[in-house]
Amino acid sequence: MKNYQLAAKDLETFFERILSSNLKLVAPVSTTQHIANLKSKTQILFKEIPTKEDIKKIISDTYTDMSAKEVFFPQSEPVIEYTHKKGGAVDIKDVEPTLKETVLFGSRPCDAFGFSLLEKLFSWDYDDPFFLKRRDKTTVISMGCTSPLESCFCTSVGLSPMSNIGSDILFTPVDNGERYLIEVVTPRGEKLIETINGAVTSTTTRQSIFTDGNTLVQNKNILEGKVKEQMKRKEDFKDISDILKDKFDDSQLESETYRCLGCGVCSMVCPTCHCFDIVDEGESSHGYRMKNWDSCSFALFTKHGGGHNPRDLQFKRCRQRYMHKLHYYREKFADALCVGCGRCVRACPVNLDIYSVVYNLKKAYANKKKDNKDNDNV
Amino acid sequence: MNNTTNNKKENFEPRIIAFVCQWCTYTGADLAGTSRIQYAPNVRIIKLPCTGRIDVHFILKAFEQGADGVIVSGCHPGDCHYTSGNYYARRRFEMFKKMMGFLGIDDKRLQFAWVSAAEGRKWGTLVDEVTNNVRALGPFEDYKSLKIFQAE
Amino acid sequence: MTTNSNQSNQNANINYNDLQSEIRHLAKDLLESKKVRIVIGYGSGPLNSKPVPVFITDANDVDRLVYNEFCFNNLSIYLTKAEIKAKAPWAIVVKGCDARSVIGLVVENQIKRDDVFTIGVSCNGVKLEGNTLSKCDTCAVKNPSNINVNKVIGNIKTASSTSASTLDKELEQLNKMSAEERFQFWKNEFDRCIRCYGCRQICPHCFCNNCIAEKSAPQWISTTPGSRGNFAWNAIRAFHLVGRCVECMECSRACPMGIRLDLLNHYLAQEVRDSYNFVAGMDLEQKPPLTTYNLKDNQDFIK
């Protein structure tokens, strides 16, 4: 696939062309609300950019509070609509997801990797049309990271701050942010580049805003090495799967997760958590069957109709979350269900930190192994 | 409840839900009927054991389901069949009314009253008054704008 | 949620090392003398400046306890957790605001006062991401000696602030708006809710085993994260805490979407104070106002 480059000053033109090509653009914006002098906490979220005037609001190189999974897998969506008709008949029909060709801009390489994990899951034993159709209609443009946060650990799960798995196009700011190296990863990405360079109408044509990018690849590779070096959290997650398998009943896992309070923040902000709840909403005459995000941290998640709850204590729910992410999913799909974005670490009200849990477990396991060896020698 | 027919303000007929206690206000409303007292037909009465039993969820649910106004009524202080149910309710509703006001709900849409079994006329006047107030305010578009899900 | 005040200068007067070693000594004594089985305190977290709740059961581990100006968690939430409840008697490190929660739990019969040994630490405001929390502006219990704690650690004397707090000013703003504007403000806030229930889970006073939001027959609150369910959930959450909320504002801090729950809590606490002359969590003998009544209660609003 091809490499291009784009001058940083042309990024707005790039967005304008996406909009004028009749594509839906979703990008990170700050959502601080000011009503009178009342200010909400500043948040950066993925939002649709409806008009050219909104382009100025886009924060192109940033870390969002919520992941971009909701572009494909919204927090809440109707799947069935029902209407009671006169005479007792019920009209039930499937709700088709509203689809529009979409460009998702500004996700991080970790987010994009998350999409590829979700894709495996949603096309595993059953093809989930909601997710797959949306994914099919969306071009993902990721932005490589040049200044990872303290809580980031993508290298631990085998990624890099500039890896391109799951993206259709990867932007990397090089030369101190003066220009972007644009790596086209998939045919879908190539198609978007063609669209943007293509004719506006039959009479006017656009000038290409891209130039050849091959010369920048070297710069990117140097930068990638540097940024990887900067990252503080580097413990490899590879062997944690086996350790967790052994440590299911280990008291250490319990004590590490003892402070979990059982809210669902971690699942809601996670780019790969995908559990959902099915609920009926509406009145007797008309309503919807909804698919809403759920979280295994909630006590209600496993509570049976009769009142019994097999995961009766919070550490068991928390353990389930880690086991699923780092062991069960890996057994089935070869990859861990954690992309190292660090959102759950930043959002947790009691600072429960998946990275440090893994780190501590690995350390304890290594010590135990060493002790065993010493004993064997004796 | 489907409210499409009376959404226009000019010929708007408010939908009022009344949560009443069975000992005083319900009997009072009964008296209004047997006394042939005319009052607005916009009210739907829901009978409960006591004002103390009237949970604030009922009120929110009524608004969610299309009510334009809510009346909560029971025995006068000192008359509660269960001695003190209405005293607890009085505190609860004072705070609830304040909170709803703070959240931006017009307080004319939420009326509390004491109507005894002998006050059929008071009941009629109360319903008329609330109906007129709510009619003047128009349909409760604010609450109706709260959709079940965003894309609806 | 946070204010840049000049309190950081005053904080310099507090010697956190002294407080910390005093906490450790006390914890060691309590565990060794078997007065308590578990000490709930703050420990150093995996990331800088973010202490985490720790649970110490072994007197040899007391050095894991830390104390600094970033200890914002209200640890009393753990007293009602099943696995910790089973380990009574406990000792718990509390700031003044947290001590009020403990009292609230005792008043509501969730824990026995004798089961808990409160280590009350003097506090001149806690910091989150560099800023002192706005709840600390008007704190009346910086030195917890004026409320019921077992042992006071540190001795700061601060004159109660005379200027209006940030929260009060914001509340004034909100009260000046028209009802319509206020509705839009709150709709805007609640619409962002993602129903993670962080506000509920972190609240020491949300101790119901079956939350109203989890009941499905009948379902009072729509669980779908849309305007309708969000409005009902946030209104009911706040209402269920009327006269019980001690304004530790942990819900507001926990909220990943930054919803201004602190404003709603503060408004209701003020109204409770004005109407019933009651401040939650200050007195072991006083019942929460909505669980009792007075024959002379106001009924101006009732026809």
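Among residues that are within 23 Å of residue C:200 (Cα to Cα) and either within 14 Å of chain C (Cβ to nearest Cβ) or not acidic (Asp, Glu) (or both), residue A:352 is included.
Residues checked against (1) surrounded by 20 or more Cβ atoms within 10 Å (Cβ to Cβ); (2) assigned to a helix (DSSP H, G or I); (3) not aromatic (Phe, Trp, Tyr):
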{"position": "B:94", "(1), (2), (3)": "yes, yes, yes"}
{"position": "B:100", "(1), (2), (3)": "yes, yes, yes"}
{"position": "B:123", "(1), (2), (3)": "yes, yes, no"}
{"position": "B:128", "(1), (2), (3)": "no, yes, yes"}
{"position": "B:136", "(1), (2), (3)": "no, yes, yes"}
{"position": "B:139", "(1), (2), (3)": "yes, no, yes"}
{"position": "B:147", "(1), (2), (3)": "no, no, yes"}
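Scanning the stretch A:87-142 for residues that are polar (S, T, N, Q), surrounded by fewer than 21 Cβ atoms within 10 Å (Cβ to Cβ) and either within 20 Å of residue A:77 (Cβ to Cβ) or not assigned by TED's automatic domain parsing to the domain that holds residue A:191 (or both) yields a count of 3. For residue B:76, are the conditions met, namely being surrounded by fewer than 22 Cβ atoms within 10 Å (Cβ to Cβ) and in contact with a strand residue (DSSP E or B) (Cβ under 7 Å, 6 or more places away or on another chain)? The answer is yes for residue B:76. Of A:100, A:69, all but one fail to be among the basic types (Lys, Arg) and under 24 Å from residue A:338 (Cβ atoms); the exception is A:69. A single member of C:46, C:89, C:53 is of a type outside the set (Val, Ile, Thr), surrounded by fewer than 22 Cβ atoms within 10 Å (Cβ to Cβ) and under 23 Å from residue C:254 (Cβ atoms), and it is C:46. Do you know which residues across the stretch A:294-314 are at pLDDT 90 or above, surrounded by fewer than 20 Cβ atoms within 10 Å (Cβ to Cβ) and either on the phi > 0 side of the Ramachandran plot or aromatic (Phe, Trp, Tyr) (or both)? Residue satisfying the conditions is A:301 alone. In the set A:106, A:87, only one residue is within 25 Å of residue C:257 (Cβ to Cβ) and either more than 14 Å from chain B (Cβ to nearest Cβ) or not hydroxyl-bearing (Ser, Thr, Tyr) (or both); that residue is A:106.
Kindly evaluate residue B:82 against the criterion of being assigned to a helix (DSSP H, G or I), within 14 Å of chain C (Cβ to nearest Cβ) and hydroxyl-bearing (Ser, Thr, Tyr). Here the answer is no, as residue B:82 does not meet what is asked. Is it true that some residue in the stretch A:206-216 is under 20 Å from the mean Cα position of the chain (by Cα) and of a type in the set (Ser, Thr, Tyr)? No, because not a single residue in the stretch A:206-216 is under 20 Å from the mean Cα position of the chain (by Cα) and of a type in the set (Ser, Thr, Tyr).
Residue-wise test of (1) closer than 30 Å to residue C:22 by Cα; (2) polar (S, T, N, Q); (3) free of Cβ contacts under 8 Å to residues at least 12 places away in the same chain.
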position	(1), (2), (3)
C:141	yes, no, no
C:152	yes, no, no
C:169	no, no, yes
C:179	no, no, yes
C:191	no, no, no
C:196	no, no, no
C:203	yes, no, no
C:215	no, no, yes
C:222	no, yes, yes
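Scanning the stretch C:79-105 for residues that are among the charged types (D, E, K, R) and within 16 Å of residue A:259 (Cα to Cα) yields C:81, C:83, C:85, C:87. Among the residues of the stretch A:242-277, none is identified as at the interface with another protein chain (Cβ under 9 Å from one of its Cβ atoms), over 24 Å from residue C:40 (Cα atoms), not in a helix (DSSP H, G or I) and not charged (D, E, K, R). The set of residues in the stretch C:76-86 being touching a residue at least 12 places away in the same chain (Cβ under 8 Å) and either surrounded by 24 or more Cβ atoms within 10 Å (Cβ to Cβ) or basic (Lys, Arg) (or both) consists of C:76, C:77, C:85.
Screening residue C:207 against (1) over 18 Å from residue B:103 (Cα atoms); (2) buried (at least 19 other Cβ atoms within 10 Å of the Cβ) leaves a single unmet condition, (2). Got at least one residue in the stretch A:158-168 being in contact with a helix residue (DSSP H, G or I) (Cβ under 8 Å, 6 or more places away or on another chain), outside the structural domain of residue A:290 (by TED's automatic domain parsing) and over 28 Å from residue A:358 (Cα atoms)? Yes: the stretch A:158-168 contains one or more residues that are in contact with a helix residue (DSSP H, G or I) (Cβ under 8 Å, 6 or more places away or on another chain), outside the structural domain of residue A:290 (by TED's automatic domain parsing) and over 28 Å from residue A:358 (Cα atoms). Note on the stretch B:101-125: among residues that are in contact with a helix residue (DSSP H, G or I) (Cβ under 8 Å, 6 or more places away or on another chain) and among the polar types (S, T, N, Q), the one that is farthest from the other protein chains (Cβ to nearest Cβ) is B:116.
Residues that are away from chain B (no Cβ under 14 Å) and aliphatic (A, V, I, L, M) were ranked within the stretch A:278-324; the one that is farthest from residue B:146 (Cα to Cα) is A:323. Summed over the stretch A:35-51, residues that are surrounded by 13 or more Cβ atoms within 10 Å (Cβ to Cβ) and either over 30 Å from residue C:131 (Cα atoms) or at pLDDT 90 or above (or both) total 6.
Considering only residues that are acidic (Asp, Glu) and under 13 Å from the mean Cα position of the chain (by Cα), which ones fall in the stretch B:102-125?
B:107
Yes or no: the stretch C:255-271 includes at least one residue that is more than 13 Å from chain A (Cβ to nearest Cβ), of a type in the set (Val, Ile, Thr) and in contact (Cβ under 8 Å) with a residue 40 or more places away in the chain. There is no residue in the stretch C:255-271 that is more than 13 Å from chain A (Cβ to nearest Cβ), of a type in the set (Val, Ile, Thr) and in contact (Cβ under 8 Å) with a residue 40 or more places away in the chain.
Listed here are the helices (runs of 4 or more DSSP H) enclosed by the stretch A:313-378 that have at least 2 residues being farther than 29 Å from residue C:74 by Cβ: A:329-333, A:354-377. Against the condition in contact (Cβ under 8 Å) with a residue 60 or more places away in the chain, surrounded by fewer than 20 Cβ atoms within 10 Å (Cβ to Cβ), closer than 15 Å to residue C:94 by Cβ and polar (S, T, N, Q), how does residue C:131 come out, does it pass? Here the answer is no, as residue C:131 does not meet what is asked. Looking across the stretch B:126-152, just one residue is at the interface with chain C (Cβ under 8 Å from one of its Cβ atoms) and of a type in the set (Gly, Ala, Ser), and that is B:145.
Taking first residues from the stretch B:9-28 that are among the hydroxyl-bearing types (Ser, Thr, Tyr) and partners that are not in a strand (DSSP E or B), the Cβ contacts under 6 Å between residues at least 6 apart in sequence or on separate chains come to B:25/B:115; B:27/B:117.
The values are calculated or read from the model by the stated rules, or taken from the named source; none is laboratory data. Computed from a predicted model, the values in this text were never measured in an experiment. Here Cβ is always computed from backbone atoms with ideal geometry, including for glycine, and neighbour counts include all displayed protein chains.
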